[in-house]
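Before any comments, here is the structure.
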Amino acid sequence: MKLFNEIYKYREFLKTSIKKDFRGKYKKSILGVLWSFLNPLFQLLIYALVFPFILKNDVDNYIIFLIVALMPWNFFNMTILQSAACIVSNGGIIKKVFFPREILPISTTTSNLINFLITCIIVFAALFISGIGIGPSIVMLPLIVLIQYIFQLGLSFIFSSITVYIRDIEYLLNVFMMLMFYMCPIVYSADMIPNKFLPLFKLNPMFHIIEYYRQILYYKQMPNITNLLWLLGICIIILALGLMIFKKLEKRFAEEL
Amino acid sequence: MKNNEIAIEIKNMSKNFIIYADKANTLKERIIRFNKNNKEIRMVLENINLKIKRGETVALIGVNGSGKSTLLKLITKIIYPSKGTIKVNGKVSSLLELGAGFHPDFSGRENIYFNASIFGLTKSEIDKRIDSIINFSELGEYIDSPIRTYSSGMYMRLAFSVAINVDADVILIDEILAVGDQRFQEKCMNKMLELKKQGKTMVFVSHSAAAVEFLCDRAIWLNNGKIEMDGNTKDVLEKYTKICG
């Protein structure tokens, strides 16, 4: 509760920090925020060429199948990679001024959320152009986004604080995220996974999150509410755990940086 | 003494720094040097007990490396004590380093917003203060130019103006009064005197005996991480100059 109070007091700093994270990314590039669209669009084109033609994947409407999973994945990927650096790269102000350190991972996660919401425009455009459109299941989308945000916030707290002590985390995560990409049903569908490996894949909350996005947007089916609430609960636990780790480690940030 | 009259209370507080001869920052180094003891624990502050009342203006004096700045950092909660407790009542503004978070590409005005927000001010609070901040900085029309075009004096003036206008109850100042020219320095001193009259608690580190005498009622002399003497400014300064002169 005390933490909420503090963050509320420093809300202006949180706002400027999110703005700086968001704008700073494309500062000095000619196309600016347009890269938020172009980057995923090119990535989509590449995957859409590689997987159906070269690997002989025969899913209907593969581009849509791909895009509804790829955009949430990008949100995840960018948040985690930037989180790892967010405390270290702000060493200057951490050593000089007091402010609730939690603001930095919150700001990184939130600016990526905004970026994700912008790329959702591409997703919806693709859904309508392809004729799939949207169904009533769309009402569940905000809940899935919320679950993903909570999950990522938790991981963001964990990785940002540990990286201060072990700088390798930043580089290890690069490799790890590459693995994670293939551990989630993004370019393939979950039923292609051999049954004996499936439980292993399902340990990963991101696996389910991606599955829900596809279920809601591509198959236009209502997800099972009980399972969804379970996932929400687990993500809240991860967030609480992340905050605990962060609280423990933040005391020596100024000395370790 | 009633509790709400105390602004800062430090009890049995010690602080060590772990000094790495050669810091293992990466996992590889950590594994290779596992068990090799290349660190040293250095006691920077030892068993400090201190009570500062509301409205007091206190100077911390002592030679370089005696722990003055570390003590200020501990009071601001940038670092935390290894032992003991520090309690601060009220909002703290620390002028440990001027211009934290200044971005060279943004204008002076934008940087005021950014810098003041780090001190925990909301937008409307900054809106209310912005005119007095700009006035105090005497930057005039330059306020809307990017601060990379500023001279170092202008930069410091702007930073000081923001920090001094953050309405805090406890103000911590670390040897930053060498701002601008003679006239601006006098202006800063007068501003501090004004804050003192408003009943703000101030703790400030300085090597300038004149400034200390001008502003403070009480002086604390730190020597090797311990309080050597605590008392009336004049007495402490006298003894300090006799010994460390």
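The values are calculated or read from the model by the stated rules, or taken from the named source; none is laboratory data. Quick caveat, the model's predicted, so the values are computed rather than measured. Cβ coordinates were reconstructed from backbone atoms using ideal geometry, including for glycine residues, and neighbour counts include every protein chain displayed.
Does A:Ile103 count as within 14 Å of another protein chain (Cβ to nearest Cβ), buried (at least 17 other Cβ atoms within 10 Å of the Cβ) and either farther than 30 Å from B:Ile79 by Cβ or under 19 Å from the mean Cα position of the chain (by Cα) (or both)? Yes, satisfied. Mind checking whether some residue in the range A:194-202 is within 25 Å of A:Leu127 (Cβ to Cβ), within 20 Å of the chain's Cα centre (by Cα) and not acidic (Asp, Glu)? Among the residues of the range A:194-202, not one is within 25 Å of A:Leu127 (Cβ to Cβ), within 20 Å of the chain's Cα centre (by Cα) and not acidic (Asp, Glu), which makes the answer no. The set of residues in the range B:210-245 that are among the small types (Gly, Ala, Ser), surrounded by fewer than 16 Cβ atoms within 10 Å (Cβ to Cβ) and either in a helix (DSSP H, G or I) or touching a Lys or Arg at 6+ places or on another chain (Cβ under 8 Å) (or both) comprises B:Ala210, B:Gly231. Just one of the numbered conditions (1) surrounded by fewer than 21 Cβ atoms within 10 Å (Cβ to Cβ); (2) within 30 Å of A:Ile18 (Cα to Cα); (3) modelled with pLDDT under 85 is not true of B:Ile173: (1).
Of everything in the range A:220-257 that is within 14 Å of chain B (Cβ to nearest Cβ) and either out of contact with any helix residue (DSSP H, G or I) (no Cβ under 6 Å at 6 or more places or on another chain) or within 19 Å of A:Gln148 (Cβ to Cβ) (or both), the residue that is surrounded by the most Cβ atoms within 10 Å (Cβ to Cβ) is A:Glu250. The set of residues in the range B:52-74 that are surrounded by 20 or more Cβ atoms within 10 Å (Cβ to Cβ), among the β-branched types (Val, Ile, Thr) and within 15 Å of the chain's Cα centre (by Cα) comprises B:Thr57, B:Val58, B:Ile61. Meeting the requirement of 1 or more residues that are within 30 Å of A:Glu250 (Cα to Cα), the helices (runs of 4 or more DSSP H) wholly within the range A:118-203 are A:141-165, A:168-183. The requirement of being crowded, with 21+ Cβ neighbours inside 10 Å, within 14 Å of chain B (Cβ to nearest Cβ), more than 20 Å from the chain's Cα centre (by Cα) and not basic (Lys, Arg) is fulfilled nowhere in the range A:77-88; no residue meets it.
Once the range B:123-146 is narrowed to residues that are part of a helix (DSSP H, G or I) and hydroxyl-bearing (Ser, Thr, Tyr), the residue that is farthest from the other protein chains (Cβ to nearest Cβ) is B:Tyr142. Number of residues in the range A:149-179 that are more than 14 Å from chain B (Cβ to nearest Cβ) and either surrounded by 22 or more Cβ atoms within 10 Å (Cβ to Cβ) or within 19 Å of A:Leu241 (Cβ to Cβ) (or both) equals 13.
Among the numbered conditions (1) closer than 24 Å to B:Lys77 by Cβ; (2) part of a helix (DSSP H, G or I); (3) within 14 Å of chain A (Cβ to nearest Cβ), the only one that B:Ile164 does not meet is (3).
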